[in-house]
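Visitor: The structure follows.
The values are calculated or read from the model by the stated rules, or taken from the named source; none is laboratory data. Predicted model only: the values in this text are computed from it and were never measured. Note: ideal-geometry Cβ built from the backbone for every residue, glycine included; neighbour counts use all protein chains shown. Calculation scope for accessible area: heavy atoms of the full protein, side chains included, ligands and nucleic acids excluded. Shrake-Rupley method; radii C 1.70, N 1.55, O 1.52, S 1.80 Å.
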Amino acid sequence: MITSLRLVDFKNFADETLRIGPFTVIVGANASGKSNIRDAFRFLHGIGRGYTLAEIFGGKYGAGGQVEWEPIRGATSEINRFGHPSFTVFTDLKVASITYRGQEEEVSFSIKVGFDYRSHHGFQISEEELVEPHLSDPTYTSHPMGNDPVRDQAEEGHLLIRIGKYDQQKKLGYRVSVNLDQPALTQVLNIKLVPRYHKERIQDVITSFASMRFLDLIPDRMRQPSFPGQTVLGDGGENLPTVLQEICAEEARKKTLIEWTRELTPMDVRDLEFPVDPITGRIQLVIREANDRRVSAYGASDGTLRFLAMLAALLGKDPARLYLFEEIDNGIHPSRLHLLIDLIERQTAKAGIQVITTTHSPDLLSMLSDEAFGYTSVVCRLEDTDDAIIRPVAGIRNAEKLRKKQGLGRLLSGSWMETALAFTEGEENDRENPE
């Protein structure tokens, strides 16, 4: 479980931290920086998938030229904040304890990436570290403290890192060389010298980064029939019929799916059917209501399909650890939003998954539980600056009181959050830079 994300000189964030819970909501005006947070998560996801930095930022292509990974938005000069020579991403996680079953341990990962505009090398790692705060020594680090001589011993194009504890008397330790063009996290896993304990912890972090999904559901793609056996929902909602078919193969999950579909839509759903197109052999989706009226995916509303896709993602057999939705309320009637929030909060608690969403919906904010409110943040750009800030809404002066009195949605629609932050951040700047 990822608990925080800190961005230093990444895109339009000078040094900002996002607190992350089971259900995290991000609000903010257009062009404030919400999508840049998504890009930071994609950066971590690309690391988890074992890509090089060039592939993460420029795209990954298979042997046949097919796109396996879309590049992260922006030119090279726009990834680093306003052409700054480097950026750093810090993230804190909770992972299963290797020593004590049933318990979780905190882990912190950080990576600093620079870009040399004068050479052909592009993005390269300059520092990287994986730390377990309860231990005195990091799992690995490229920037040890004290008299450890690791720093300047790597050959050109490589970075030396220390694994585990350093013996000051012998001036020795587990030291390995990694390429600068790929995060060390996915390189040290294949080095025999690295002890098993450290490999297990490194694998935990890789798995957390790899198990992310970025869903931007497109109704026209969800309406299309699927090829049999396709049980992975595409980022745009592709393969919806066969993913739902796989869920319905198990009676208990099918019952849950239909009950939620009935609750989330105005349709009196009694069953889901999956007829096979006799010509193409592809699986279609048909919704059967109580009066035996059948509605195909082509006739279903956009909102109904979005609900079904979210259910497919959250109720599937092997859900991702973290889902990031852009505008999760898009196309969904306000009267159904409280049910969607209820579904998300139940599934995050039951399955141990995380959901992060951006929203412009005042109605959605007004329906958040106290826990979700605690993990709601606003992203905004202050006047006369291109930098964006991230602040927990609960930390804004009088937010809790006004939430109970007026509702959080009303505060959003009236731009109260940005106005309050402009006032309070201005006060802090005045205190830090007195004339």
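Visitor: In whole Hz, what ³J(HN,Hα) sequence does the stretch 158-164 give by Karplus (6.51, -1.76, 1.60; θ = phi - 60°), x for Gly and Pro?
Guide: 10, 10, 8, 10, 9, 9, x
Visitor: Residues of the stretch 344-399: accessible area per residue at 1.4 Å, in Å²?
Guide: Per-residue value: 43 Å².
Visitor: Ignoring ligands and nucleic acids, what accessible area does Lys255 show with a 1.4 Å probe (Å², nearest 10)?
Guide: Estimated to the nearest 10 Å², Lys255 gives 130 Å².
Visitor: Given the Cα-Cα distance of His158 and Glu104 and 0.36 nm per residue of separation, how much length would full extension add, in nm?
Guide: Length gained, His158 through Glu104: 16.1 nm.
Visitor: So what's the angle, to the nearest 10 degrees on a 0 to 90 scale, between helix 302-315 and the longest Cα principal axis of the chain?
Guide: The helix 302-315 is inclined about 60 degrees to the chain.
Visitor: So how do Asp342, Asp220 rank on accessible area, 1.4 Å probe, biggest first, that is with the largest at the start?
Guide: Output order, biggest surface exposure first: Asp220, Asp342.
Visitor: May I ask you to compute the full-extension gain from Gln66 to Phe227, defined as 0.36 nm times their residue separation minus their alpha-carbon distance, rounded to one decimal in nm?
Guide: This chain segment gains 56.1 nm when fully extended.
Visitor: When the helix-only estimate is applied to the chain (DSSP H runs of n ≥ 4, each -39,500 (n - 2.57), divided by the residue count), what is the mean residue ellipticity at 222 nm, nearest 500 deg cm²/dmol?
Guide: Estimated from H runs of four or more residues: -9500 deg cm²/dmol.
Visitor: I need the phi-derived Karplus couplings for the stretch 225-233: 6.51 cos²θ - 1.76 cosθ + 1.60, θ = phi - 60°, integer Hz, Gly and Pro marked x.
Guide: So the Karplus estimates, Gly and Pro as x, are x, 10, 6, x, x, 7, 10, 10, 6 Hz.
Visitor: Scanning the chain for chymotrypsin sites (Phe, Trp or Tyr not before Pro) in DSSP loops with at most 10 other Cβ atoms within 10 Å, what's the longest stretch left with none?
Guide: 118-435
Visitor: Taking just the alpha carbons, could you work out the radius of gyration and Dmax for the stretch 287-341, both in angstroms?
Guide: Rg, Dmax (Cα atoms, Å): 13.0, 38.
Visitor: Also, quick follow-up: Counting only the heavy atoms of the protein chains, how much of Ser415 is accessible to a 1.4 Å probe, in Å² to the nearest 10?
Guide: Number for this one is 60 Å².
Visitor: On the principal axes of its Cα set, how long, how wide and how thick is the stretch 1-132? Give whole Å, largest value first.
Guide: That gives 48, 39, 28 Å along the principal axes, largest extent first.
Visitor: Right, here's the next one. Quantify how much of the Cα-Cα distance distribution of the chain extends past 36 Å, in percent.
Guide: 35 percent
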